[in-house]
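The values are calculated or read from the model by the stated rules, or taken from the named source; none is laboratory data. Source: prediction; values computed, not measured. Cβ sites come from the backbone with ideal geometry, for glycine too, and all protein chains shown count toward neighbours. Heavy atoms of the whole protein, side chains included, go into the accessibility calculation; ligands, DNA and RNA do not. Shrake-Rupley method; radii C 1.70, N 1.55, O 1.52, S 1.80 Å.
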Amino acid sequence: MKVLYLDCQSGISGDMTLSALIDLGADIAYISDELKKLPIDPFTLNVKQVDKRGISAKLLDLQFEESEGDGHSHEHGVGHSHGHSHSHAHLDDHSHDHGHSHTHSHSHSHSHLDEHGHEHAHDDGHHSHSHRKASTILGMIRDSSLAPRVKQRSLAVFGVIAEAEGKIHGMDPEEVHFHEVGGMDSIIDIIGVCLAIESLAVDRIISSPVPTGHGKIMIAHGLYPIPAPATAEILKGVPLADFHVRGELTTPTGAAFVKALASEYGQLPALAIENIGYGAGKKNFEHPNVIRAVLFNEEPAAAREKISVLECQLDDTTGETLGYVMEKLLAEGALDVYYTPVAMKKSRPGTLITVLAKPEHAFKLEDILLRETSTFGVRKTEWTRRILERDFKAVDTAYGPVTVKVGMLEGEILKLSPEFEDVKRAAISHGVPLRDVFLEVQKEAGAQFGLKYSDVGL
(Lines give C-alpha, C1' and ligand atoms only; values in the text may rest on other atoms or scores of the structure.)
Protein backbone atom coordinates (compact mmCIF):
# COMPACT_ATOMS: atom_id res chain seq x y z
CA MET A 1 0.00 0.00 0.00
CA LYS A 2 1.36 3.42 -0.97
CA VAL A 3 1.28 6.00 1.83
CA LEU A 4 1.79 9.73 1.16
CA TYR A 5 2.97 12.04 3.95
CA LEU A 6 2.46 15.79 3.44
CA ASP A 7 5.09 17.59 5.50
CA CYS A 8 3.53 21.06 5.81
CA GLN A 9 6.25 22.72 7.91
CA SER A 10 5.98 25.89 5.81
CA GLY A 11 2.27 25.60 5.14
CA ILE A 12 0.43 24.20 2.14
CA SER A 13 -1.18 25.57 -1.02
CA GLY A 14 -2.46 24.13 -4.28
CA ASP A 15 0.46 24.80 -6.59
CA MET A 16 3.07 23.87 -3.99
CA THR A 17 1.38 20.50 -3.44
CA LEU A 18 1.08 19.78 -7.17
CA SER A 19 4.75 20.70 -7.71
CA ALA A 20 5.86 18.47 -4.83
CA LEU A 21 3.91 15.49 -6.17
CA ILE A 22 5.41 15.96 -9.63
CA ASP A 23 8.88 16.13 -8.00
CA LEU A 24 7.94 12.94 -6.15
CA GLY A 25 7.39 11.14 -9.46
CA ALA A 26 3.81 11.86 -10.56
CA ASP A 27 3.52 11.77 -14.36
CA ILE A 28 3.05 15.38 -15.52
CA ALA A 29 2.01 14.24 -19.01
CA TYR A 30 -0.78 12.09 -17.52
CA ILE A 31 -1.93 14.99 -15.32
CA SER A 32 -1.95 17.44 -18.21
CA ASP A 33 -3.66 15.05 -20.65
CA GLU A 34 -6.44 14.20 -18.18
CA LEU A 35 -7.02 17.87 -17.31
CA LYS A 36 -7.31 18.75 -21.00
CA LYS A 37 -10.28 16.39 -21.30
CA LEU A 38 -12.23 18.78 -19.07
CA PRO A 39 -14.18 21.80 -20.40
CA ILE A 40 -11.59 24.34 -19.21
CA ASP A 41 -9.46 27.02 -20.85
CA PRO A 42 -6.45 25.89 -22.93
CA PHE A 43 -3.27 25.76 -20.84
CA THR A 44 0.26 24.43 -20.62
CA LEU A 45 1.54 22.79 -17.44
CA ASN A 46 5.23 22.63 -16.61
CA VAL A 47 7.56 22.81 -13.61
CA LYS A 48 10.98 24.36 -13.22
CA GLN A 49 13.76 23.76 -10.72
CA VAL A 50 14.40 26.51 -8.16
CA ASP A 51 16.44 26.94 -5.00
CA LYS A 52 14.67 27.87 -1.75
CA ARG A 53 17.31 28.65 0.87
CA GLY A 54 19.40 25.65 -0.06
CA ILE A 55 16.52 23.30 -0.91
CA SER A 56 16.16 22.37 -4.58
CA ALA A 57 12.45 22.19 -5.37
CA LYS A 58 9.99 22.19 -8.26
CA LEU A 59 8.03 25.39 -8.97
CA LEU A 60 4.77 25.17 -10.89
CA ASP A 61 4.67 26.95 -14.26
CA LEU A 62 1.03 27.05 -15.37
CA GLN A 63 0.16 29.22 -18.35
CA PHE A 64 -3.17 29.77 -20.04
CA GLU A 65 -2.95 29.94 -23.81
CA GLU A 66 -4.68 32.43 -26.03
CA SER A 67 -7.86 30.84 -27.34
CA GLU A 68 -9.60 31.76 -30.58
CA GLY A 69 -12.22 34.42 -29.97
CA ASP A 70 -10.91 35.08 -26.47
CA GLY A 71 -8.64 37.90 -27.49
CA HIS A 72 -6.25 37.38 -24.58
CA SER A 73 -3.99 34.92 -22.87
CA HIS A 74 -3.10 34.65 -19.22
CA GLU A 75 -0.54 32.92 -17.08
CA HIS A 76 -0.25 31.49 -13.59
CA GLY A 77 2.13 34.05 -12.11
CA VAL A 78 3.07 35.94 -15.26
CA GLY A 79 1.53 39.25 -16.41
CA HIS A 80 0.23 39.70 -19.93
CA SER A 81 -1.63 42.24 -21.96
CA HIS A 82 -4.09 42.54 -24.78
CA GLY A 83 -5.48 45.64 -26.42
CA HIS A 84 -5.11 48.41 -23.84
CA SER A 85 -3.70 48.44 -20.38
CA HIS A 86 -5.67 47.08 -17.44
CA SER A 87 -3.87 45.01 -14.86
CA HIS A 88 -5.13 43.27 -11.78
CA ALA A 89 -2.75 41.58 -9.36
CA HIS A 90 -3.48 39.94 -6.04
CA LEU A 91 -0.15 39.71 -4.23
CA ASP A 92 0.69 38.13 -0.94
CA ASP A 93 3.60 36.80 1.02
CA HIS A 94 3.69 33.05 0.78
CA SER A 95 3.45 30.41 -1.74
CA HIS A 96 2.35 30.86 -5.28
CA ASP A 97 1.27 33.33 -7.92
CA HIS A 98 -2.09 32.88 -9.57
CA GLY A 99 -1.89 36.42 -10.87
CA HIS A 100 -2.44 37.65 -14.35
CA SER A 101 -3.05 41.02 -15.95
CA HIS A 102 -5.53 41.91 -18.65
CA THR A 103 -5.74 44.94 -20.89
CA HIS A 104 -8.90 46.70 -21.91
CA SER A 105 -9.86 49.96 -23.63
CA HIS A 106 -8.29 52.21 -21.04
CA SER A 107 -5.35 52.33 -18.69
CA HIS A 108 -6.19 51.19 -15.21
CA SER A 109 -4.27 49.14 -12.69
CA HIS A 110 -4.84 48.05 -9.15
CA SER A 111 -3.48 45.48 -6.77
CA HIS A 112 -4.70 43.70 -3.68
CA LEU A 113 -1.85 43.11 -1.28
CA ASP A 114 -1.78 40.43 1.35
CA GLU A 115 0.95 38.49 3.04
CA HIS A 116 1.06 35.06 1.52
CA GLY A 117 3.10 34.94 -1.64
CA HIS A 118 0.70 33.97 -4.39
CA GLU A 119 -1.46 35.87 -6.79
CA HIS A 120 -5.03 34.66 -7.02
CA ALA A 121 -6.46 34.58 -10.50
CA HIS A 122 -10.14 35.29 -10.78
CA ASP A 123 -10.61 34.04 -14.30
CA ASP A 124 -13.75 33.11 -16.17
CA GLY A 125 -12.16 33.29 -19.58
CA HIS A 126 -13.16 36.89 -20.20
CA HIS A 127 -12.49 38.86 -17.04
CA SER A 128 -10.12 38.51 -14.13
CA HIS A 129 -12.88 38.04 -11.54
CA SER A 130 -14.52 34.60 -11.70
CA HIS A 131 -17.44 33.69 -9.48
CA ARG A 132 -18.16 30.07 -10.42
CA LYS A 133 -20.86 28.31 -8.47
CA ALA A 134 -19.81 25.24 -6.53
CA SER A 135 -22.54 23.23 -8.25
CA THR A 136 -21.04 24.07 -11.66
CA ILE A 137 -17.59 22.79 -10.73
CA LEU A 138 -18.96 19.71 -8.93
CA GLY A 139 -21.16 18.92 -11.93
CA MET A 140 -18.20 19.21 -14.30
CA ILE A 141 -16.24 16.70 -12.21
CA ARG A 142 -19.16 14.27 -11.89
CA ASP A 143 -19.78 14.34 -15.66
CA SER A 144 -16.11 13.90 -16.55
CA SER A 145 -14.22 10.77 -17.61
CA LEU A 146 -11.78 11.08 -14.71
CA ALA A 147 -10.86 7.89 -12.83
CA PRO A 148 -13.26 7.06 -9.96
CA ARG A 149 -10.76 7.85 -7.19
CA VAL A 150 -9.79 11.12 -8.89
CA LYS A 151 -13.45 12.11 -9.04
CA GLN A 152 -14.01 11.09 -5.43
CA ARG A 153 -11.02 13.03 -4.14
CA SER A 154 -11.69 16.11 -6.28
CA LEU A 155 -15.33 16.22 -5.19
CA ALA A 156 -14.24 15.83 -1.56
CA VAL A 157 -11.83 18.79 -1.77
CA PHE A 158 -14.30 21.12 -3.49
CA GLY A 159 -17.04 19.88 -1.15
CA VAL A 160 -15.02 20.83 1.93
CA ILE A 161 -14.43 24.32 0.52
CA ALA A 162 -18.10 24.73 -0.41
CA GLU A 163 -19.23 23.63 3.06
CA ALA A 164 -16.92 26.16 4.69
CA GLU A 165 -17.97 29.02 2.40
CA GLY A 166 -21.62 28.08 2.80
CA LYS A 167 -21.36 28.25 6.57
CA ILE A 168 -19.53 31.58 6.49
CA HIS A 169 -22.03 33.19 4.12
CA GLY A 170 -25.14 31.45 5.44
CA MET A 171 -26.14 29.69 2.24
CA ASP A 172 -26.49 26.26 0.64
CA PRO A 173 -22.97 24.93 -0.16
CA GLU A 174 -24.00 24.10 -3.75
CA GLU A 175 -25.08 27.73 -4.26
CA VAL A 176 -21.76 29.14 -3.06
CA HIS A 177 -19.93 31.28 -5.61
CA PHE A 178 -16.20 30.56 -5.43
CA HIS A 179 -13.92 33.56 -5.80
CA GLU A 180 -10.21 32.72 -5.56
CA VAL A 181 -10.88 28.97 -5.57
CA GLY A 182 -13.13 29.36 -8.61
CA GLY A 183 -10.25 30.62 -10.75
CA MET A 184 -9.21 28.33 -13.58
CA ASP A 185 -5.73 27.96 -12.09
CA SER A 186 -7.12 26.83 -8.73
CA ILE A 187 -9.39 24.29 -10.46
CA ILE A 188 -6.33 22.89 -12.23
CA ASP A 189 -4.37 22.85 -8.95
CA ILE A 190 -7.06 20.88 -7.12
CA ILE A 191 -7.92 18.34 -9.81
CA GLY A 192 -4.24 18.17 -10.78
CA VAL A 193 -3.25 17.18 -7.25
CA CYS A 194 -5.89 14.43 -7.23
CA LEU A 195 -4.58 13.19 -10.59
CA ALA A 196 -1.01 13.26 -9.25
CA ILE A 197 -2.05 11.20 -6.23
CA GLU A 198 -3.65 8.68 -8.58
CA SER A 199 -0.53 8.64 -10.77
CA LEU A 200 1.52 7.72 -7.69
CA ALA A 201 -1.04 4.99 -6.78
CA VAL A 202 -1.41 6.47 -3.28
CA ASP A 203 -3.90 4.66 -1.04
CA ARG A 204 -3.53 6.58 2.22
CA ILE A 205 -2.53 10.15 3.07
CA ILE A 206 -1.10 11.46 6.35
CA SER A 207 -0.49 15.14 7.07
CA SER A 208 1.72 16.91 9.54
CA PRO A 209 0.21 19.63 11.75
CA VAL A 210 -0.42 22.76 9.68
CA PRO A 211 0.89 26.30 10.35
CA THR A 212 -1.33 29.18 9.29
CA GLY A 213 0.92 32.22 9.76
CA HIS A 214 -0.35 35.56 11.07
CA GLY A 215 -1.12 39.07 9.89
CA LYS A 216 -3.81 40.29 7.49
CA ILE A 217 -4.85 39.33 3.97
CA MET A 218 -6.95 41.04 1.32
CA ILE A 219 -9.56 38.65 -0.08
CA ALA A 220 -12.64 39.12 -2.26
CA HIS A 221 -14.70 40.36 0.70
CA GLY A 222 -12.13 42.76 2.14
CA LEU A 223 -9.21 42.81 4.58
CA TYR A 224 -9.25 39.86 7.00
CA PRO A 225 -6.92 38.43 9.63
CA ILE A 226 -4.89 35.31 8.87
CA PRO A 227 -6.06 32.58 8.72
CA ALA A 228 -8.77 33.78 6.35
CA PRO A 229 -12.34 32.80 7.35
CA ALA A 230 -12.61 29.93 4.85
CA THR A 231 -9.19 28.57 5.82
CA ALA A 232 -10.02 28.69 9.53
CA GLU A 233 -13.38 26.98 8.97
CA ILE A 234 -11.81 24.22 6.86
CA LEU A 235 -9.07 23.60 9.43
CA LYS A 236 -11.52 22.83 12.24
CA GLY A 237 -10.46 19.47 13.67
CA VAL A 238 -7.02 19.62 11.99
CA PRO A 239 -3.99 19.96 14.33
CA LEU A 240 -2.22 23.30 13.88
CA ALA A 241 1.53 23.87 14.09
CA ASP A 242 3.05 26.74 16.09
CA PHE A 243 5.21 28.44 13.46
CA HIS A 244 5.32 32.20 14.10
CA VAL A 245 5.69 33.69 10.62
CA ARG A 246 4.11 36.85 9.28
CA GLY A 247 2.12 35.94 6.18
CA GLU A 248 -0.51 33.44 5.05
CA LEU A 249 1.20 30.05 5.09
CA THR A 250 -1.86 27.93 4.31
CA THR A 251 -4.44 28.76 1.65
CA PRO A 252 -8.04 27.51 1.55
CA THR A 253 -7.05 25.07 -1.20
CA GLY A 254 -4.14 23.70 0.85
CA ALA A 255 -6.32 23.43 3.95
CA ALA A 256 -8.94 21.54 1.92
CA PHE A 257 -6.35 18.98 0.77
CA VAL A 258 -5.39 18.30 4.37
CA LYS A 259 -9.00 18.16 5.60
CA ALA A 260 -10.55 16.14 2.75
CA LEU A 261 -7.75 13.76 1.80
CA ALA A 262 -5.73 13.03 4.95
CA SER A 263 -6.96 10.11 7.05
CA GLU A 264 -4.72 11.01 9.99
CA TYR A 265 -2.39 13.72 11.29
CA GLY A 266 0.93 13.44 13.05
CA GLN A 267 4.63 12.85 12.57
CA LEU A 268 6.37 10.78 9.92
CA PRO A 269 5.22 7.14 10.12
CA ALA A 270 7.68 4.42 11.13
CA LEU A 271 8.05 3.09 7.59
CA ALA A 272 10.88 2.95 5.06
CA ILE A 273 10.96 6.03 2.81
CA GLU A 274 10.61 5.25 -0.91
CA ASN A 275 10.96 8.78 -2.34
CA ILE A 276 10.80 12.49 -1.44
CA GLY A 277 9.57 15.48 -3.46
CA TYR A 278 9.73 19.23 -2.80
CA GLY A 279 7.27 21.82 -4.07
CA ALA A 280 8.23 25.51 -3.94
CA GLY A 281 6.22 28.64 -3.36
CA LYS A 282 7.11 31.81 -5.24
CA LYS A 283 7.56 33.98 -2.15
CA ASN A 284 10.92 34.04 -0.37
CA PHE A 285 10.98 33.82 3.42
CA GLU A 286 13.74 33.47 5.98
CA HIS A 287 12.92 29.75 5.95
CA PRO A 288 12.74 27.40 2.92
CA ASN A 289 9.30 28.08 1.43
CA VAL A 290 8.61 24.50 0.37
CA ILE A 291 6.28 21.62 1.11
CA ARG A 292 7.83 18.17 1.35
CA ALA A 293 5.94 15.12 0.07
CA VAL A 294 7.21 11.75 1.27
CA LEU A 295 6.16 8.44 -0.27
CA PHE A 296 6.16 5.16 1.65
CA ASN A 297 5.35 1.63 0.56
CA GLU A 298 3.56 -0.04 3.44
CA GLU A 299 3.68 -3.81 3.17
CA PRO A 300 0.20 -5.34 3.71
CA ALA A 301 1.52 -7.98 6.11
CA ALA A 302 2.97 -5.28 8.36
CA ALA A 303 0.03 -2.92 8.15
CA ARG A 304 -1.32 -1.80 11.49
CA GLU A 305 -4.34 0.36 12.11
CA LYS A 306 -4.36 3.19 14.63
CA ILE A 307 -7.27 3.25 17.04
CA SER A 308 -8.24 5.37 20.03
CA VAL A 309 -9.18 3.68 23.29
CA LEU A 310 -11.56 5.64 25.53
CA GLU A 311 -12.15 4.69 29.16
CA CYS A 312 -14.09 5.86 32.18
CA GLN A 313 -15.50 4.11 35.23
CA LEU A 314 -18.80 4.56 37.02
CA ASP A 315 -20.21 3.42 40.37
CA ASP A 316 -23.63 5.08 40.26
CA THR A 317 -25.21 4.12 36.92
CA THR A 318 -28.04 1.67 36.26
CA GLY A 319 -27.84 -1.31 33.94
CA GLU A 320 -30.53 0.23 31.74
CA THR A 321 -28.41 3.36 31.24
CA LEU A 322 -25.33 1.29 30.42
CA GLY A 323 -27.30 -0.61 27.80
CA TYR A 324 -28.54 2.63 26.25
CA VAL A 325 -25.05 4.17 26.21
CA MET A 326 -23.57 1.09 24.52
CA GLU A 327 -26.20 1.20 21.76
CA LYS A 328 -25.60 4.91 21.18
CA LEU A 329 -21.80 4.55 21.06
CA LEU A 330 -22.02 1.73 18.52
CA ALA A 331 -24.53 3.67 16.42
CA GLU A 332 -22.15 6.66 16.32
CA GLY A 333 -19.22 4.70 14.95
CA ALA A 334 -17.54 2.91 17.88
CA LEU A 335 -15.64 -0.17 16.73
CA ASP A 336 -16.43 -1.98 19.97
CA VAL A 337 -17.75 -1.24 23.44
CA TYR A 338 -17.39 -3.46 26.49
CA TYR A 339 -17.96 -3.24 30.25
CA THR A 340 -15.67 -4.66 32.94
CA PRO A 341 -16.64 -5.01 36.64
CA VAL A 342 -14.16 -3.13 38.84
CA ALA A 343 -13.77 -2.25 42.53
CA MET A 344 -13.64 1.51 43.05
CA LYS A 345 -13.01 3.85 45.99
CA LYS A 346 -14.48 2.81 49.34
CA SER A 347 -14.77 -0.72 47.91
CA ARG A 348 -17.74 0.28 45.78
CA PRO A 349 -18.53 -2.07 42.88
CA GLY A 350 -18.31 -0.20 39.59
CA THR A 351 -18.14 -0.58 35.84
CA LEU A 352 -15.21 0.26 33.57
CA ILE A 353 -16.44 1.40 30.14
CA THR A 354 -13.97 0.76 27.30
CA VAL A 355 -14.62 2.12 23.80
CA LEU A 356 -12.53 1.28 20.73
CA ALA A 357 -12.78 3.90 18.00
CA LYS A 358 -11.17 5.27 14.88
CA PRO A 359 -9.21 8.44 15.79
CA GLU A 360 -11.52 10.67 13.75
CA HIS A 361 -14.54 9.44 15.78
CA ALA A 362 -12.92 9.73 19.22
CA PHE A 363 -14.03 13.28 20.04
CA LYS A 364 -17.68 12.59 19.19
CA LEU A 365 -17.68 9.40 21.29
CA GLU A 366 -16.01 11.19 24.22
CA ASP A 367 -18.84 13.71 24.04
CA ILE A 368 -21.42 10.91 24.35
CA LEU A 369 -19.69 9.49 27.43
CA LEU A 370 -19.56 12.91 29.08
CA ARG A 371 -23.18 13.75 28.28
CA GLU A 372 -24.88 10.39 28.76
CA THR A 373 -23.09 9.01 31.84
CA SER A 374 -22.20 10.33 35.28
CA THR A 375 -18.45 10.40 34.62
CA PHE A 376 -16.51 13.64 35.12
CA GLY A 377 -13.74 12.68 32.68
CA VAL A 378 -12.71 10.34 29.89
CA ARG A 379 -9.21 8.92 29.36
CA LYS A 380 -7.88 8.43 25.83
CA THR A 381 -4.90 6.37 24.66
CA GLU A 382 -3.67 5.60 21.15
CA TRP A 383 -3.15 1.95 20.25
CA THR A 384 -2.38 0.10 17.05
CA ARG A 385 -3.93 -3.17 15.98
CA ARG A 386 -3.42 -5.69 13.24
CA ILE A 387 -6.62 -7.10 11.82
CA LEU A 388 -7.59 -9.69 9.25
CA GLU A 389 -9.02 -8.52 5.96
CA ARG A 390 -12.77 -9.05 6.12
CA ASP A 391 -15.45 -9.96 3.64
CA PHE A 392 -18.99 -11.30 3.83
CA LYS A 393 -20.20 -14.31 1.84
CA ALA A 394 -23.52 -16.16 1.58
CA VAL A 395 -23.45 -19.90 2.29
CA ASP A 396 -26.31 -22.09 1.06
CA THR A 397 -27.59 -24.49 3.72
CA ALA A 398 -30.58 -26.77 4.25
CA TYR A 399 -32.10 -23.88 6.21
CA GLY A 400 -31.54 -21.29 3.49
CA PRO A 401 -28.68 -18.83 2.82
CA VAL A 402 -26.66 -17.73 5.84
CA THR A 403 -24.10 -14.90 5.78
CA VAL A 404 -20.63 -15.66 7.11
CA LYS A 405 -17.82 -13.24 7.88
CA VAL A 406 -14.61 -14.27 6.11
CA GLY A 407 -11.26 -13.48 7.74
CA MET A 408 -8.23 -13.39 5.41
CA LEU A 409 -4.50 -12.80 5.81
CA GLU A 410 -2.65 -11.78 2.64
CA GLY A 411 -5.47 -13.29 0.58
CA GLU A 412 -5.55 -16.61 2.47
CA ILE A 413 -8.85 -17.47 4.19
CA LEU A 414 -8.11 -18.32 7.84
CA LYS A 415 -11.53 -18.42 9.44
CA LEU A 416 -15.26 -18.01 8.93
CA SER A 417 -17.81 -16.74 11.40
CA PRO A 418 -21.57 -17.15 10.80
CA GLU A 419 -23.62 -14.01 11.38
CA PHE A 420 -25.68 -14.74 14.48
CA GLU A 421 -28.83 -12.90 13.37
CA ASP A 422 -28.99 -15.00 10.17
CA VAL A 423 -28.56 -18.21 12.17
CA LYS A 424 -31.21 -17.12 14.68
CA ARG A 425 -33.66 -16.21 11.91
CA ALA A 426 -33.15 -19.60 10.20
CA ALA A 427 -33.61 -21.52 13.47
CA ILE A 428 -36.86 -19.71 14.27
CA SER A 429 -38.32 -20.00 10.75
CA HIS A 430 -37.57 -23.75 10.54
CA GLY A 431 -38.39 -24.55 14.18
CA VAL A 432 -35.04 -26.21 14.89
CA PRO A 433 -32.47 -25.70 17.66
CA LEU A 434 -29.98 -22.89 17.13
CA ARG A 435 -27.06 -25.30 17.33
CA ASP A 436 -28.42 -27.43 14.49
CA VAL A 437 -28.25 -24.44 12.18
CA PHE A 438 -24.73 -23.60 13.37
CA LEU A 439 -23.56 -27.16 12.66
CA GLU A 440 -25.13 -27.07 9.20
CA VAL A 441 -23.41 -23.73 8.43
CA GLN A 442 -20.14 -25.12 9.76
CA LYS A 443 -20.34 -28.13 7.47
CA GLU A 444 -21.39 -26.24 4.32
CA ALA A 445 -19.01 -23.32 4.84
CA GLY A 446 -16.11 -25.67 5.49
CA ALA A 447 -16.85 -27.53 2.25
CA GLN A 448 -17.36 -24.33 0.21
CA PHE A 449 -14.15 -22.63 1.36
CA GLY A 450 -11.99 -25.73 1.94
CA LEU A 451 -11.61 -25.21 5.69
CA LYS A 452 -11.67 -27.61 8.63
CA TYR A 453 -14.68 -27.56 10.91
CA SER A 454 -12.56 -25.98 13.66
CA ASP A 455 -11.88 -22.95 11.44
CA VAL A 456 -15.59 -22.14 11.20
CA GLY A 457 -16.36 -20.45 14.49
CA LEU A 458 -19.54 -21.07 16.43
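Pop out the ³J(HN,Hα) list for region 330-343 in order, Karplus 6.51 cos²θ - 1.76 cosθ + 1.60 with θ = phi - 60°, rounded to Hz; leave Gly and Pro as x.
Using θ = phi - 60°, the values come out as 5, 5, 9, x, 4, 6, 6, 9, 8, 10, 10, x, 9, 9 Hz.
If I model a spin label at Arg53 and Lys37 as a point 7 Å from the Cα along the Cα→Cβ vector, what separation in nanometres do I get?
4.1
Which three extents, in whole angstrom, do the alpha-carbon atoms of region 187-328 cover along their principal axes, largest first?
62, 44, 29
At 1.4 Å probe size, what's the solvent-accessible area of Met171? Round to the nearest 10 Å².
Estimated to the nearest 10 Å², Met171 gives 80 Å².
Just subtract the alpha-carbon distance of Lys345 and Lys443 from 0.36 nm times their residue separation and send over the number in nm, one decimal. Before the final figure, lay out the partial values.
Details: separation 98, 0.36 × 98 = 35.28 nm, distance 5.06 nm.
Gain on stretching Lys345 to Lys443: 30.2 nm.
Using a 1.4 angstrom probe on the protein heavy atoms only, could you order Tyr5, Tyr265 from most to least accessible area?
Values: Tyr5 5, Tyr265 70 Å².
The residues order as Tyr265, Tyr5, largest area first.
Quick one: go through region 368-394 and flag any residue whose amide nitrogen is under 14 Å from the point 7 Å out along the Cα-to-Cβ line of Asp315.
375-376
Expressed as cubic angstrom per residue, what is the convex hull volume of the alpha carbon set of region 370-458? Numbers along the way, then the final one.
Working: hull volume 13.5 nm³, N = 89.
That works out to 152 Å³ per residue.
On a 1.4 Å probe surface of the protein chains, which of Arg348, Arg435 comes out largest in accessible area, and what is the full order?
Working: Arg348 110, Arg435 145 Å².
From most exposed to least exposed: Arg435, Arg348.
Over all directions, how big on average is the projection of the convex hull of the alpha-carbon atoms in region 315-449, in square nanometres? Before the final figure, lay out the partial values.
Details: hull surface 44.8 nm².
Across all orientations, region 315-449 yields a mean hull projection of 11.2 nm².
In nm, give the distance between the simple-model label positions of Asp61 and Lys364, each being 7 Å from the Cα along the Cα-to-Cβ direction.
4.6
To the nearest whole percent, what portion of all C-alpha pairs in region 170-254 is separated by more than 23 angstrom?
On the way: 1211 of 3570 pairs.
I get 34 percent for the Cα pairs in region 170-254 exceeding 23 Å.
What order do Val378, Val309 take when sorted by accessible area (1.4 Å probe), most exposed first? Intermediate results must be reported in sequence, preceding the final value.
Details: Val378 40, Val309 5 Å².
Heavy-atom accessible area, descending, gives Val378, Val309.
Which distance in nm do the two modelled labels at Ala272 and Phe376 give, with both placed 7 Å along the Cα-to-Cβ direction?
Placing both labels 7 Å beyond Cα along the Cβ direction yields 5.2 nm.
Where in region 377-410 are there GluC sites (Glu not before Pro) that are in a DSSP coil and have at most 15 other Cβ atoms within 10 angstrom of their Cβ? The partial results should precede the final answer.
Values: sites: Glu382, Glu389, Glu410; in loops: Glu410.
Answer in residue order: Glu410.
How big is the shadow of the Cα convex hull of region 367-418, averaged over all directions, in nm²?
On the way: hull surface 27.4 nm².
The Cα convex hull of region 367-418, projected and averaged over all directions, gives 6.8 nm².
Give the accessible surface of region 356-399 per residue, rounded to a whole number of Å², with probe radius 1.4 Å and ligands, DNA and RNA excluded.
Values: 3090 Å² over 44 residues.
Here the residues of region 356-399 average 70 Å² of exposed surface.
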